[in-house]
Amino acid sequence: MKYTLLVILVAMLSSTGCMSKTYIHPTKGSQEFAMDKYECNGRATMIAGQWSGTYGIPNMFILAEEIDKCLRLKCGWRLQ
């Protein structure tokens, strides 16, 4: 049973790794995206740190979700 769950988990994680997000903005370019993402990463790290797991490592799922939320809601980027 544990082996089956492990195989399913690995398959799910490997398939999500192939997906890439492309953000677009009506007035900003790639340099502005890099600056916005850097700022959002800092904010998200603080938020994800509050949900840290073992050894104080931030929860990566919350980190990715918070970065995406910041880019979309605060900076105006949207997924293509």
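Taking the criterion of being surrounded by 13 or more Cβ atoms within 10 Å (Cβ to Cβ) and not hydrophobic (A, V, I, L, M, F, W, C), the residues of region 53-80 that qualify are Pro58, Asn59, Glu65, Glu66, Asp68, Lys69, Arg72, Gly76.
When restricted to residues that are polar (S, T, N, Q) and at pLDDT below 95, region 31-55 contains 4.
The values are calculated or read from the model by the stated rules, or taken from the named source; none is laboratory data. If you're wondering where the values come from, they're calculated on a predicted model, not measured in any experiment. Virtual Cβ from ideal backbone geometry, glycine too; neighbours counted across all protein chains shown.
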